[in-house]
């Protein structure tokens, strides 16, 4: 029940930000959620005894969200900065891991949310599709997995997930994406929508597993506790953080 109540609050807020809020408010919302996700990511970094460089990470994240610079240049600069920050560590055996954790956090969290801004500028419908298709897929995976799931998908990372549930997620998420965009953006060819939706759902499932691996490595069950019934923000959007960049990538030929 707690999980449902949290969703009942979040869903109208998300829809309002996507479709009604002025651009400046939508940007503030994206930065706020990205910041909360990054905060939870830094807690995982701290749990494995690596320095977080938190203030600099937040600053780099803001730059990534607003900068007009080419992505390749920003990634290179962030890598250089991460290696420079690692010079401050007392134990240089952790220099590689600490610089990698810094770069990963900025790009994984803020880079994904930058693509959310781009998708919203193309059309809020693309952004909603990129987010919702994995929510739909997760529900289908849970129902089918509990009913007939027998073959473990990733027993070490996430013992509850099954291949049957994963396939159900692809089918349900892809179907949602196709039918939603047939209604919302009928001019866009549905076969291309099918490819984009399927790729985004599969990417989202990898995102879920990747975040689970980070949590298991850090020895925690949830990334946070801010969303009752869902855990943390990172737990709620782990699939979305992988799906949104894939949707944006596949839309490059058209937008």
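General remarks:
- Cα-based convex hull, the range 113-232, per residue volume (Å³, whole number): 115
- The chain: relative contact order as a whole-number percent, Cα under 8 Å and 6+ apart: 22
- Fraction of the pair-distance distribution of the range 1-99 above 23 Å, Cα-Cα pairs, percent: 44
- Relative to the dominant Cα principal axis of the chain, helix 233-250 is inclined by about 70°.
- For the chain, alpha-carbon Rg relative to the globular expectation (2.2 N^0.38 Å, N residues): 1.02
- Volume in Å³ per residue [convex hull over Cα atoms, computed for the range 177-255]: 102
- Relative contact order computed over the range 158-240 (Cα-Cα under 8 Å; 6+ residues apart), in percent: 24
- The chain: most fluctuating residue of 200, 90, 21 per GNM, C-alpha cutoff 10 Å: 90
- Between the range 41-58 and the range 165-188, the alpha-carbon center distance in angstrom: 37
- Rounded to 10°, Cα long-axis angle of helix 124-148 versus longest principal axis of the chain: 80
No lab work stands behind these numbers, since they all come straight from the coordinates. Just so it is clear, the model here is predicted, and its values are computed rather than measured.
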